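Q: Encoded as structure tokens, here's the structure I'll be asking about.
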Amino acid sequence: EVGACYVPFTASPTVGGDWWDGLALPDGRLALMVGDVAGHGVPAVKVMGQLRNTMRSRLVAGLDPAESLAELNALLNWTDPAAHATAIAVIADPGTGKLVWASAGHPPPLVTSPGGTSRWLDAPAAAPLGAVPRDRPSPYRNHDDHVAPGETLHLYSDGLVEGRRRDIDTGLRLLAAAASRDRPGVAPQARCEQLVAELVQQVEDDVCLVIAHRLVTAAEA
């Protein structure tokens, strides 16, 4: 089950540089993405649309997350050298819980477990999209992990955890604490809305949050 929230920084509900996406791939796996284009307004929206659609097409075509990020970096280098963005892409197997993910300078994914525990899917930081010259090897790498039945994956943009009154380390601690709180019977969409309401009292940046919960089957119960 998947839920997602987007809250724009600007007064217009359509103008922002953050994005999320989720789609079923041809082989039955699930692709989830969150990205954050530097800046606001129409220029950021233009870049955001290009990156979102390119990422979707590359994953559907069979590229893995790291390969897809490399192509997005090449796209920015070619079409808009002044633009930069962070992004994360995850491919999840709903049957096995296997995750393959890659990040371009994006905050780390969070996995929470029943009972109030949590863990970060951390890896060495890679450069944001647009920051790697075309003549340099791609720094983006795939990382493998696993989500067990009953566990929940959280992907988000930095607007959820960082602001003028809160540094990102504090925000990450607050996110882990809030996300780890047991919410029996609360669906991912409602859980997503609750977390945004708890963590964002004043919108200072675009906010994206995607929650993917792996269900417990009857055989696993």
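Q: Helix by helix through the chain, keep the DSSP H runs that span 24 Å or more along the axis on Cα and average at least 0.5 on Kyte-Doolittle, and give those back in order. Please list the in-between numbers first.
A: Numbers: long enough: 41-60 (29 Å, 0.08).
Span-like helices in the chain: none at all.
Q: Sticking with this structure for a sec: What ³J(HN,Hα) values, in whole Hz, does the Karplus curve 6.51 cos²θ - 1.76 cosθ + 1.60 give for segment 122-130 when θ = phi - 60°, with x put for Gly and Pro?
A: Once θ is set to phi - 60°, the couplings for segment 122-130 become 9, 7, x, 5, 10, 5, x, 5, x Hz.
Q: Tell me, what is the Rg over Rh of segment 1-72, with Rh the Kirkwood radius over Cα pairs?
A: 1.00
Q: Semi-axes of the equivalent ellipsoid for the chain, please: Cα gyration tensor eigenvalues, times 5, square-rooted, ordered largest first, whole Å. Could you put the intermediate results ahead of the total?
A: Working: eigenvalues 141, 94, 45 Å².
So the equivalent ellipsoid measures 27, 22, 15 Å along its semi-axes.
Q: Next up: Distance between the C-alpha centers of segment 1-62 and segment 150-173? Whole Å please.
A: Between the Cα centre of segment 1-62 and that of segment 150-173, the gap is 18 Å.
Q: Pick from V111, V90, V45 the residue whose mean-square fluctuation is largest in a GNM of the chain, springs joining Cα atoms under 10 Å.
A: V45
Q: Defining a contact as two alpha carbons under 8 Å apart and six or more residues distant in sequence, what relative contact order in percent does segment 94-217 show?
A: Working: 187 pairs, mean separation 39.6, N = 124.
Over segment 94-217, the number comes to 32 percent.
Q: Between A74 and T170, what is the label-to-label distance in nm when each label sits 7 Å out along the Cα-to-Cβ direction?
A: 4.3
Q: Just the Cα atoms of segment 42-94, one point each, no solvent: what log10 I(q)/I(0) does Debye give at q = 0.26 Å⁻¹?
A: The Debye formula, applied to the Cα set alone, gives -1.05.
Q: Over segment 126-221, with a single point scatterer placed on each C-alpha, what log10 of the ratio I(q)/I(0) does the Debye formula yield at q = 0.19, 0.23 1/Å?
A: Result of the Debye calculation: -1.01, -1.20.
Read the figures in this text as sums done on the coordinates, not as results from a lab. This structure is a prediction, so every number in the text was calculated from the model and none was measured. As a convention, Cβ positions derive from the backbone with ideal geometry for all residues, glycine included, and neighbour counts pool all protein chains shown.
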